[in-house]
Amino acid sequence: MYTLYYSPGAASMVVHLALLEAGAPHDLKLVDIDAKAQRSPEYLRLNPRGVVPTLVVDGQPLSESAALLMLLAERHPDSPLAPPAGTPERAAWYSWIVYLSNTLMSSFRLWFYPQDLDDTPAAHAAVQRKIESVWDHLDAHLAAHGPYLLGERFSGADLLLTMLMRWSRNMPRPATEWPALGRLADRVRARPSWQRLYEVEGLREW
């Protein structure tokens with residue numbers, strides 16, 4: 001049994017999806033970010049940085065969504081989350097997870113919280129160009145080698161990518177305007193795990 005501390009649509013989304021894909025028993029604990037619940041003494045005891053998600057595994061609270069995705073794939077090897085350990089496909093899977101975390105997740109942090117950078121139009125435009133350059137790269141890869149990041153095989157890397165595409169929905173040019181990315185998003189959004197998450201978390205907008 002896992003316990004996931006989550007906020008709807010936040011980075012906890014990919015961890016919740018991974019739990020659903022793995023069929024892993026879990027409890028959900030809502031962290032109301034609007035009410036600053038992530039800064040409550042109770043939550044800070046679990047996650048001193050006051051960020052979402054936190055996943056309690058065997059009594060140990062852990063954080064960082066990409067790391068949690070990798071952990072769940074290791075703990076549930078029969079799930080579709082990752083190719084078998086020791087294969088070339090698994091090595092490529094690790095590369096995609098780290099790439100998405102290093103490029104998109106860090107850039108989105110600056111997009112949504114520009115005060116962490118120089119909050120100027122030029123700085124904001126630079127972050128937008130950075131994110132769009134990643135969409136260019138990913139779209140070209142999927143067009144040539146898709147439909148998923150690992151070719152014909154769906155994996156947790158596609159869950160992570162689709163969550164990040166969702167984060168771009170209100171940007172001047174959302175990720176789904178790239179054709180191959182849009183097709184991947186449609187495939188992932190059709191999965192039972194995505195539909196179940198929307199039902200449980202009460203999400204409406206893509």
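The values are calculated or read from the model by the stated rules, or taken from the named source; none is laboratory data. Just so we're clear, the structure is a prediction, and the values are computed from it rather than from any experiment. As a convention, Cβ positions derive from the backbone with ideal geometry for all residues, glycine included, and neighbour counts pool all protein chains shown. Each accessible area value is taken on the protein alone, full model and side chains, heavy atoms only, with ligands, DNA and RNA left out. Shrake-Rupley method; radii C 1.70, N 1.55, O 1.52, S 1.80 Å.
When the range 10-35 is limited to residues that are over 20 Å from Leu46 (Cα atoms) and of a type in the set (Gly, Ala, Ser), the one that is most open to solvent (accessible area, probe 1.4 Å) turns out to be Gly23. Residues in the range 137-156 that are open to solvent by 20 Å² or more (accessible area, probe 1.4 Å) and assigned to a helix (DSSP H, G or I): His137, Asp139, Ala140, His141, Ala143, Ala144, His145.
One residue alone among Glu89, Glu42 is in contact with a strand residue (DSSP E or B) (Cβ under 9 Å, 6 or more places away or on another chain) and either part of a loop (DSSP other than H, G, I, E, B) or open to solvent by 60 Å² or more (accessible area, probe 1.4 Å) (or both), and that residue is Glu89. Restricting to the range 107-136, count the residues that are in a helix (DSSP H, G or I), open to solvent by 60 Å² or more (accessible area, probe 1.4 Å) and aromatic (Phe, Trp, Tyr). The total comes to 1. Within the range 169-184, residues that are open to solvent by less than 80 Å² (accessible area, probe 1.4 Å) have Cβ atoms under 9 Å from residues that are assigned to a loop (DSSP other than H, G, I, E, B) and among the small types (Gly, Ala, Ser) in these pairs: Pro174/Ser168; Ala175/Ser168; Thr176/Ser168; Ala180/Gly146; Leu184/Gly146, counting only partners at least 6 apart in sequence or on another chain.
For the range 157-194, which positions are part of a loop (DSSP other than H, G, I, E, B), among the small types (Gly, Ala, Ser) and in contact with a helix residue (DSSP H, G or I) (Cβ under 9 Å, 6 or more places away or on another chain)?
From the range 157-194, those part of a loop (DSSP other than H, G, I, E, B) are 168-174, 178, 190-191; that's our starting set.
Narrowing the set further to residues that are among the small types (Gly, Ala, Ser) leaves 168, 190.
Of everything in the range 157-194, just one residue is part of a loop (DSSP other than H, G, I, E, B), among the small types (Gly, Ala, Ser) and in contact with a helix residue (DSSP H, G or I) (Cβ under 9 Å, 6 or more places away or on another chain), namely Ser168.
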